[in-house]
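Asks: Provided herewith is a single structure, encoded as structure tokens, for subsequent inquiry.
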Amino acid sequence: MGHLGRTLTASIALALSVFALPCGAETIRLAVQKTGTFSWELAAIRENGLDKAANLSLEVTELASTEAGKIAMRAGNADIMLSDWLWVSRERALGAKLTFYPYSSALGAVMVPANSPIKTLADLKGRKLAIAGGPIDKSWLLLQARMKQDGIDLKSDATIVYGAPPLLAAKALDGEMDASLNFWNFCAQLEAKGFRRVAGIEDIMPKLGAKGAVAAVGYVFDEDWAAKNRDVVARFIAMTRKAKELLATSDAAWEKVAPLTGTADPAVLQTYRTRYREGIPRRTIADEEADARVLYRVLAEIGGRDLVGPASELDAGTFYRAAPGD
């Protein structure tokens, strides 16, 4: 074949390959905590091609902490991250128009060794209690609010130790604490090692006025970005729902997730699966928002401006509705 013929053949092949390409997938920049459960969901999405099916390109930046994600969001370096509606409402009150869509209702619990004499929350009085997340962690504040209903002020009636979640989980296993309130995945580790749940935060919420399991953690994104990319956001949320349903119904789907959990212990992995599945949101946005509004008032009362900023009520635009009837 002559040079002209080869050139013509190559040109035709190039043209055919261009026309065969699908429409370019929209890119979503995700800020993901490296050790967080969002990475589990993303693993299921990629393994099953859910991102391609949604015609989305997921650009993931792994970060060391949720605070790093907040910095990335404020700087405009991320489109979506995970955080809670409490922070979103606070940011809105301060002028940043962020919005929230439920991701999980999985929360921590008060954990004790199997043979502990602590049977009820009232038994925490006079004990050494480890708290993950710091003095204004929402789970800790909700626990305090619940105990005040029974006339117990845990801040003064118990010895409180704050620390990083993995450190406190290790100290609990070593027997250095009478009880601990940790993040749900660390509670799952303790549970698999024989520890007992005295009460989960989801058990406390109804006593404070909530009518169901509240998704405290959600996908957070800028309101203006969402308005300009409404179809992209809808496809992202539909894609994550499919991933959740896959992880809810298929143990095989966890094979790709397991290496990301940091454990090979079958008992821990089973507890992770159970608690993750229990935390999948099933309620309407209206129900979620109504309960969040009730709990926000409780948190605002006990945590004050340090926690909620200048707003005493949940901001009206905090929750995002991806589709009619959400």
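Asks: Do the conditions hold for residue 283, that is, is it among the charged types (D, E, K, R) and either more than 18 Å from the chain's Cα centre (by Cα) or under 20 Å from residue 33 (Cα atoms) (or both)?
Replies: Answer is no for this residue.
Asks: For residue 133, state whether it is within 20 Å of the chain's Cα centre (by Cα), surrounded by fewer than 22 Cβ atoms within 10 Å (Cβ to Cβ) and not aromatic (Phe, Trp, Tyr).
Replies: yes
Table: residues versus (1) at pLDDT 95 or above; (2) in a strand (DSSP E or B); (3) assigned by TED's automatic domain parsing to the domain that holds residue 228.
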residue	(1), (2), (3)
77	no, no, yes
83	no, yes, yes
90	no, no, yes
95	no, no, yes
99	yes, yes, yes
115	yes, no, no
118	yes, no, no
123	yes, no, no
126	yes, no, no
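Asks: If residue 49 satisfies all but one of (1) at positive phi; (2) touching a strand residue (DSSP E or B) at 6+ places or on another chain (Cβ under 8 Å), what's the number of the condition it fails?
Replies: The number of the failed condition is (2).
Asks: Same structure again: Among the residues of the range 151-204, how many are surrounded by fewer than 17 Cβ atoms within 10 Å (Cβ to Cβ) and within 19 Å of residue 105 (Cα to Cα)?
Replies: Number satisfying all stated conditions: 2.
Asks: If I filter the range 44-58 for residues that are touching a Gly at 6+ places or on another chain (Cβ under 6 Å) and over 20 Å from residue 228 (Cα atoms), do I get at least one hit?
Replies: no
Asks: For the range 245-276, enumerate the residues that are surrounded by 14 or more Cβ atoms within 10 Å (Cβ to Cβ), of a type in the set (A, V, I, L, M, F, W, C) and part of a loop (DSSP other than H, G, I, E, B).
Replies: The answer is 257, and nothing else.
Asks: Which of the residues spanning the range 233-277 are among the aliphatic types (A, V, I, L, M), more than 15 Å from residue 45 (Cβ to Cβ) and in contact with a helix residue (DSSP H, G or I) (Cβ under 9 Å, 6 or more places away or on another chain)?
Replies: 233, 258, 264, 267, 268, 269 - these are the residues of the range 233-277 that are among the aliphatic types (A, V, I, L, M), more than 15 Å from residue 45 (Cβ to Cβ) and in contact with a helix residue (DSSP H, G or I) (Cβ under 9 Å, 6 or more places away or on another chain).
Asks: Do any residues in the range 43-71 that are in the same structural domain as residue 97 (by TED's automatic domain parsing) have Cβ atoms under 8 Å from those of residues that are of a type in the set (Asp, Glu), where the two are at least six apart or on different chains, and which pairs are they?
Replies: Every condition considered, the pairs that remain are 45/51; 55/26; 56/26; 57/26; 57/51; 58/51.
Asks: Within the bounds of the range 288-303, is there any residue that is free of Cβ contacts under 8 Å to residues at least 12 places away in the same chain and either closer than 29 Å to residue 148 by Cβ or under 19 Å from the mean Cα position of the chain (by Cα) (or both)?
Replies: no
Asks: Within the range 93-113, can you find the residues that are in contact with a Gly (Cβ under 8 Å, 6 or more places away or on another chain), surrounded by 22 or more Cβ atoms within 10 Å (Cβ to Cβ) and over 30 Å from residue 127 (Cα atoms)?
Replies: Correct list: 99, 100, 101, 102, 103, 104.
Asks: Let me ask something additional. I want to confirm something. Restricting to the range 29-42 and keeping residues that are within 19 Å of residue 246 (Cβ to Cβ) and either in a strand (DSSP E or B) or assigned by TED's automatic domain parsing to the domain that holds residue 165 (or both), which single residue is modelled with the lowest pLDDT?
Replies: Checked the range 29-42; the qualifying residue modelled with the lowest pLDDT is 32.
Asks: Let me ask something else about it. Inspect the range 296-317 for any residue being in contact with a helix residue (DSSP H, G or I) (Cβ under 9 Å, 6 or more places away or on another chain) and within 28 Å of residue 246 (Cα to Cα) and give the result as yes or no.
Replies: So far as the range 296-317 goes, no, none of its residues is in contact with a helix residue (DSSP H, G or I) (Cβ under 9 Å, 6 or more places away or on another chain) and within 28 Å of residue 246 (Cα to Cα).
The values are calculated or read from the model by the stated rules, or taken from the named source; none is laboratory data. The structure presented is a predicted model; accordingly, all values stated were derived computationally and were not measured. Cβ: placed from backbone, ideal geometry, glycine included. Neighbour counts: every protein chain shown.
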